[in-house]
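Engineer: So that we are looking at the same thing, I have put the structure below in structure tokens.
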Amino acid sequence: MDCHGKEITEQKFTGVDVIEVLSGIVQRHTRHYQSDFEYDKVFLEEAVQKQEKGNKIFLWLCRENGTWCFCERNIFLKDTWEYITACFYAEQKIDGIYAYIVELGGYVGGRIMGSIFVLDYGKLYVRIKRHALPCRTAVFYEKGICMQDVREQIGKGVNVEMGKFLYAEYRPDTAEALEAVLCEEKITLLD
């Protein structure tokens, strides 16, 4: 059923109010920690505001005990917290995980509009494990960039040599390989 009580017969919804649709899914499937969705809304709001600088495609998971929202690219980078979390529920054989790709379009009348694709979580897990790539963390400071192992904690304070921490991002060993993986995922969605 969709957020208006109509039976869902499609696997894709285009030109929809993303927050309204996801909110309806939360109401139906999340019994505990519905407040997780408040974080997702802020995350998506920030993403649509700086869309020109980053990704506009996200994986959204809904379960009985909360929700998660991740940048799609990060679930295909090994050992990132997004990769670990996206795989966790399948590896623990936890049922009732609803998975969606959310593609942001932009604001229309103050609402975040976009497309939502329904995924088979089990099949997504297999694709993640098969295609995930090694990566490192690029930590940006005032005076430069430091590369570190993705499992290392990021120091968000002032680095004596590099200055003030600005931000960090995951970088695959080869950007072209990640682009190929994401392109294949898009083709999978359209099939």
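Engineer: Longest span of the chain, sites excluded, free of GluC sites (Glu not before Pro) in DSSP loop with at most 16 other C-beta atoms within 10 Å?
Structural biologist: 65-141
Engineer: Can you tally the net charge around ASN65? Count Lys and Arg as +1, Asp and Glu as -1, for every other residue whose Cβ sits under 10 Å from the Cβ of ASN65.
Structural biologist: Details: positive: ARG31, ARG63; negative: ASP36, GLU64.
Summing Lys/Arg as +1 and Asp/Glu as -1 gives 0.
Engineer: So, one more: How big is Rg to Rh over the range 146-191, alpha-carbon atoms, Rh as the Kirkwood inverse-mean-distance radius?
Structural biologist: When Rh is taken as the Kirkwood radius, the ratio is 1.20.
Engineer: GNM on the chain, C-alpha springs below 10 Å: top fluctuator among ILE19, ILE154, ILE101?
Structural biologist: So, out of ILE19, ILE154, ILE101, the one fluctuating most is ILE154.
Engineer: Separate question: How many times 2.2 N^0.38 Å is the alpha carbon radius of gyration of the range 16-67?
Structural biologist: For the range 16-67, the normalised Cα radius of gyration comes out at 1.17.
Engineer: Relative contact order of the chain: what whole-number percent is it, with Cα pairs under 8 angstrom and at least 6 residues apart?
Structural biologist: Computed over the chain, the figure is 19 percent.
Engineer: Something else about it: Excluding GLU142 itself, what net charge comes from residues whose Cβ is under 11 Å from its Cβ, given Lys and Arg +1 and Asp and Glu -1? Write out the running numbers ahead of the final one.
Structural biologist: Numbers: positive: LYS143, LYS164; negative: GLU161.
Neighbourhood net charge equals +1.
Engineer: Could you give me the percent of Cα pairs per 5 Å distance bin for the chain, shortest bin first, beginning at zero and ending with the bin that holds the maximum distance?
Structural biologist: The distribution over the chain is 1, 7, 14, 18, 19, 17, 11, 7, 3, 1, 0, 0, given as percents.
Engineer: Please list the non-local residues whose amide H lies under 5 Å from the amide H of VAL150, H modeled 1.01 Å from N, same-chain partners needing a gap of 5 or more.
Structural biologist: Those lying under 5 Å, H to H, from VAL150 are THR137.
Engineer: Per residue, how much accessible area does the range 96-146 have with a 1.4 Å probe, in Å²?
Structural biologist: Solvent-accessible surface per residue comes out at 45 Å².
Engineer: Once each part is reduced to its C-alpha centroid, what is the distance from the range 64-101 to the range 111-131 in angstrom?
Structural biologist: 10
Engineer: For the chain, with all protein chains present and a 1.4 Å probe, just round the carbon and sulfur fraction of the accessible area to a whole percent.
Structural biologist: Working: 5660 of 11040 Å².
The nonpolar share, carbon plus sulfur, comes to 51 percent.
The values are calculated or read from the model by the stated rules, or taken from the named source; none is laboratory data. Note that the structure is a prediction, hence the values are computed from the model and not measured. Quick reminder, even Gly has a Cβ in these numbers, built from the backbone with ideal geometry, and neighbours come from all protein chains shown. Each accessible area value is taken on the protein alone, full model and side chains, heavy atoms only, with ligands, DNA and RNA left out. Shrake-Rupley method; radii C 1.70, N 1.55, O 1.52, S 1.80 Å.
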